[in-house]
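Data block below; observations after.
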Amino acid sequence: MAELTYRDAVARGIAQEMARDPDVVLIGEDIAKAGGVFKATVGLYEQFGPRRVRDTPISEQAILGAAMGAAMTGLKPIAEIMFADFAAVCWDYFANEFPKSRYMTNGQVKTPLVVRLGNGGGARFGAQHSQSVENWCMMIPGLKVVVPSSPIDVVGLMAAAVRDPDPVIFLEHKSLYATKGEVPDGEIVDTLGTAKILRPGKDATILALSLMVPRALEAADRLQAEHGIDCEVIDVRSLVPLDTQTILASVARTHRVFTVEENPRLCGWGAELMSIIADEAFYELDGPLVRITTPHIPLPAADVLEDLVIPNAARIVETVLRTLSN
Amino acid sequence: MDILMPQLGETVTEGTVSLWVKAVGDSVQPGDPLFEIETDKSSMEIPATCAGVLSEIRVAKGAVVAVGTVVAVITEAGTNAQAAPAAGASAAPAAAPATAVSASAAAPLVTVVARAIDPQQAVVTPARNFGPARRADGVVITPLARRLASQNGVDVTQLTGSGPHGRIMARDVTAERSTSPARPMPASATAADILALYADVPHDVLPVDGMRRAIARRLLESKQTIPHFYLTVPVLLDALNTLRSDANVALAARSAGQKLSVTDLIIKALAVALQQVPEANVIWAEDRILQLRRADIGIAVAIQGGLVTPVIRDAGGKSVTAISTELKSLSTRARDRKLQPAEYQGGSIAISNLGMYGVQEFSAIINPPQSAILAVGAAQRVAVETADGGVRFASQLTVTLSCDHRAIDGAVGARLLGAFKAAIEQPLALLL
């Protein structure tokens, strides 16, 4: 058992899979000798050498095109798109190429690749380098979308993503890179499409993802200590496939639901989850479904403003209190 | 290729596989009958849509399964054996692959892996509604509170809500339950309770088929959710009987075998009445009322094991002979359980005639989403006062109209019944 940062867990997860399977390769901007702009790939170049850990030009389309070609011809590439916002530069691959190839070739061509992206705000990078794009990825049929919140999940879900036969979008949170957590020694393999109940509770369910998970946990602790409200916190972890069983079972216990989403409000991931809950668990609901999200605005670069718009523990506490006391 | 239980009709949620035409190992061509299903009110033959070998039957004859369930697998023979494993490889990690067993060694079969349905694709809307979201006085009831109240026999009209604006929440229902222990038992004793109660009484167990279940569900829903009221009038039948005899003599001269029945004329009379009182030709659709411009009349037909109510479309615009022919065809196919769902759905009103059993009068339960039903009793010889104060005997029917008060008020129902009575008692217009 070792205490690892989320950043080191990324490298550990990739190393685990590269050591296991010689077909796994890593490409991206400055990911080799420099160890990555976010230092999430430190040591991989030294361990696996220049043939399997390759720097690329500054061209997101070239990175994903190369990854797709490699995947189609038998490798299992992991490609890094530095800032998740840049997914928009190479969106054709996300929307048209990766997710459609297997379907359109009747299974003859597979694209078993992983795209890692530095997602999310809180680091004062401004409107074009801070977005949470999990909802963009979630809306494309054929993509799987994983959004881990802790070092151990990073390692286990990275393994699941690499071993999956389909394209998996792996969203790492820039503001979580420095956070730490216990990671057991040895091989860790998790399962896509599984949510985790991090804190059981009986009064309300809080569904959270990525950076919003620690904030939801902090809010739940305060709600319990200061107001006697016992919230269940679920880390959704995987948007596609989605673990509706765990979520609906929780709603059936607590009868109240909140999502905490960093993506902007319109068509955020929570909207889809809430629509499923409203449909399937309608007669379990004892109050409105409430989403706590970043407003529908470009993210500000100024620190006070950025902190104001992204949901935090205080806002979660306040929203849950107001909703439940009504 | 997975063969799914099809949905026949928009309110149908399950069906019974009543017959397997093909057996495991049989080769099939597109269009070959594969199996028969029995839903609420009909049975239907389901053809194969692809060629291959029936490699697996998953649902035994007689089993009731939900619409969309995989009932069988057809393995497409001799094609693309390489592509099939790739289809299986996409199964989500949680999926438990079920491997089909090929029955015929002769055909080059591929292994078909059934894929578990992605939970995100399979949103299951609750099948049951637990009552309105808003009370007559405007108080809102949360969905959970509605379900708890319904399941525990708590009367929401008696509750005081503790939520915002007096909203009734689950806690209000559970508080009511705990403070009133003397409430009657929930209406539904469990099947186990019932079996225990009759365990010592000699009895046979009859299966509940799709039609019986549909009748139980729909009529329970009707009686519980539709505010019925009943209007009864006597109708003199002599003029109609005379007309019918004359018409049948004329028909006999024209075409062999066709005879009008009293029921044919009653259908036409009700259609004429609906045309005269269009306010009664309505459907309650929760937030609006549909006033139909055509008299579509359902007619309850008793069949083996239950009943079905085929609908005669635009009975107002059809001649009595056309109605008669259509009713014969519908009744025959109803008894063979060969009606298509479109033939028994819709309509605004139905007729239930128990006169042939000697029932003098009765009240019928509305067949939702229709708004009314006319219960027709047996003709009786009764003494009536003549114009000059004397007494004569006449044939008289007693009919009772059940109306949905949400859509039809008493006066409207009475006018419809009056128009019907007039159409029967001065029947010549029915033939014009």
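Each reported figure results from applying straightforward, stated rules to the coordinates on display, with no laboratory input. What you see is a predicted model; the values in this text were computed from it and never measured. Counting neighbours? That spans all protein chains shown, and the Cβs are built from the backbone with ideal geometry, glycine included.
What fraction, in whole percent, of alpha-carbon pairs in the stretch B:212-431 exceed 22 Å separation?
On the way: 12088 of 24090 pairs.
Cα-Cα pairs in the stretch B:212-431 separated by more than 22 Å: 50 percent.
Distance from the Cα centre of the stretch B:159-176 to that of the stretch B:338-391, in angstrom?
44 Å
Mind telling me which of A:E134, A:E262, A:E97 comes out most flexible in a GNM of chain A, alpha-carbon contacts under 10 Å?
A:E97
List the lysines whose Cα sits under 27 Å from the Cα of B:K22, skipping any in the same chain fewer than 8 residues away.
B:K41, B:K61, B:K338
Could you tell me which of A:S59, B:A422, B:A196 has its Cα farthest along the dipole of the protein assembly as shown towards the positive end, charges placed at Cβ (Lys, Arg +1; Asp, Glu -1), taken about the Cα centre?
B:A422
I need the phi-derived Karplus couplings for the stretch B:314-325: 6.51 cos²θ - 1.76 cosθ + 1.60, θ = phi - 60°, integer Hz, Gly and Pro marked x.
Here the 3J(HN,Hα) series is 6, 4, x, x, 10, 6, 4, 5, 5, 4, 4, 5 Hz.
Could you run the Karplus curve 6.51 cos²θ - 1.76 cosθ + 1.60 with θ = phi - 60° over the stretch A:119-134 and give me ³J(HN,Hα) per residue in whole Hz, x for Gly and Pro?
Karplus-based 3J(HN,Hα) across the stretch A:119-134 equals 9, x, x, x, 10, 6, 8, x, 5, 9, 9, 9, 6, 9, 10, 4 Hz.
When only alpha-carbon atoms are used, what values of Rg and Dmax, in angstrom, describe the stretch B:189-269?
23.1, 63
Quick one: if you stick a label point 7 Å off each Cα along the C-beta vector at B:S162 and B:L292, how many nm between them?
A separation of 4.8 nm, rounded to one decimal place.
Reported to two decimal places, what Rg/Rh ratio describes chain A when computed on Cα atoms with Rh from the Kirkwood expression? Can you show the working numbers first?
Numbers: Rg = 19.4 Å, Rh = 20.0 Å.
So for chain A, dividing Rg by the Kirkwood Rh gives 0.97.
Compute the Kirkwood hydrodynamic radius of the stretch A:196-325, taking the inverse of the mean of 1/r over all pairs of distinct Cα atoms, and give it in Å to one decimal. Don't skip to the end; give the middle numbers.
On the way: mean 1/r = 0.0685 Å⁻¹.
Result for the stretch A:196-325 stands at 14.6 Å.
Which entries in A:K76/A:K100; A:K144/A:K202; A:K144/A:K180; A:K39/A:K180 show an alpha-carbon gap greater than 22 Å? Working shown, then result.
Values: A:K76/A:K100 17 Å; A:K144/A:K202 31 Å; A:K144/A:K180 26 Å; A:K39/A:K180 15 Å.
Cα-Cα > 22 Å for A:K144/A:K202; A:K144/A:K180; rest within.
In the stretch A:256-326, with Lys and Arg counted as +1 and Asp and Glu as -1 at Cβ, which of these residues, A:I292, A:T323, A:V257, has the Cα nearest the positive end of the dipole, that is, farthest along it?
A:T323
Whole-Hz Karplus ³J(HN,Hα) for the stretch A:208-213, in order, using 6.51 cos²θ - 1.76 cosθ + 1.60 and θ = phi - 60°, x for Gly and Pro?
Along the stretch A:208-213, the couplings run 9, 8, 6, 4, 6, 5 Hz.
For the stretch A:219-261, what is the per residue volume of the convex hull drawn over the alpha-carbon atoms, in cubic angstrom?
Values: hull volume 3.1 nm³, N = 43.
Cα-based convex hull of the stretch A:219-261, divided per residue, equals 72 Å³.
Which is farthest toward the positive dipole end of the protein assembly as shown among A:A127, B:Q158, A:A71, measuring Cα position about the Cα centre, with Cβ charges +1 (Lys, Arg) and -1 (Asp, Glu)?
Final value for the positive-end residue is B:Q158.
Given points 7 Å out from each Cα along the Cα-Cβ axis, report the B:H228 to B:Q151 separation in nanometres with one decimal.
2.8 nm
Counting C-alpha atoms alone, how compact is the stretch A:2-183: give Rg to one decimal and Dmax as a whole number, in angstrom.
Here Rg and the maximum Cα pair distance are 15.0, 45 Å.
Give me the extension gain from B:A199 to B:E221: residue separation times 0.36 nm, minus the current Cα-Cα distance, reported in nm with one decimal.
Values: separation 22, 0.36 × 22 = 7.92 nm, distance 2.92 nm.
Contour length minus Cα-Cα distance gives 5.0 nm.
Less than 21 Å apart at the alpha-carbon level, and either on another chain or at least 8 residues along: which lysines does that give for B:K259?
Once the sequence-local lysines are set aside, what remains near B:K259 is B:K268, B:K318, B:K328.
Give the separation of the Cα centroids, the stretch A:225-241 to the stretch A:278-326, in Å.
13 Å
Considering only C-alpha atoms, what is the centroid distance from the stretch A:1-20 to the stretch B:394-411, in Å?
Taking the Cα centre of each part, the stretch A:1-20 and the stretch B:394-411 sit 78 Å apart.
Specify, per residue and in Å³, the volume enclosed by the convex hull of the alpha carbon atoms belonging to the stretch A:150-230.
Values: hull volume 9.0 nm³, N = 81.
That works out to 111 Å³ per residue.
Rounded to the nearest 0.05, what FRET efficiency is calculated for A:K100 and B:Y357 with R0 set to 60 Å and r the Cβ-Cβ distance?
Working: r = 64 Å, r/R0 = 1.07.
Plugging the Cβ-Cβ distance into 1/(1 + (r/R0)^6) gives 0.40.
Can you list residues from other chains, or at least 5 along the same chain, whose modelled amide H is less than 5 Å from the amide H of B:I3?
B:V71, B:A72, B:V73, B:I74
Using just the Cα positions, wrap the stretch A:48-154 in a convex hull and report its mean projected area in square nanometres, one decimal place. Each step should come with its number before you reach the end.
Working: hull surface 31.4 nm².
Computing the convex hull of the Cα atoms and averaging its projections yields 7.8 nm².
Taking just the alpha-carbon atoms of the protein assembly as shown, what radius of gyration and Dmax come out, in angstrom?
34.1, 120
Tell me the label-point distance for the pair B:Q29, B:A133, using the 7 Å Cα-to-Cβ offset, in nm and rounded to one decimal.
Computed distance between label sites B:Q29 and B:A133 equals 5.3 nm.
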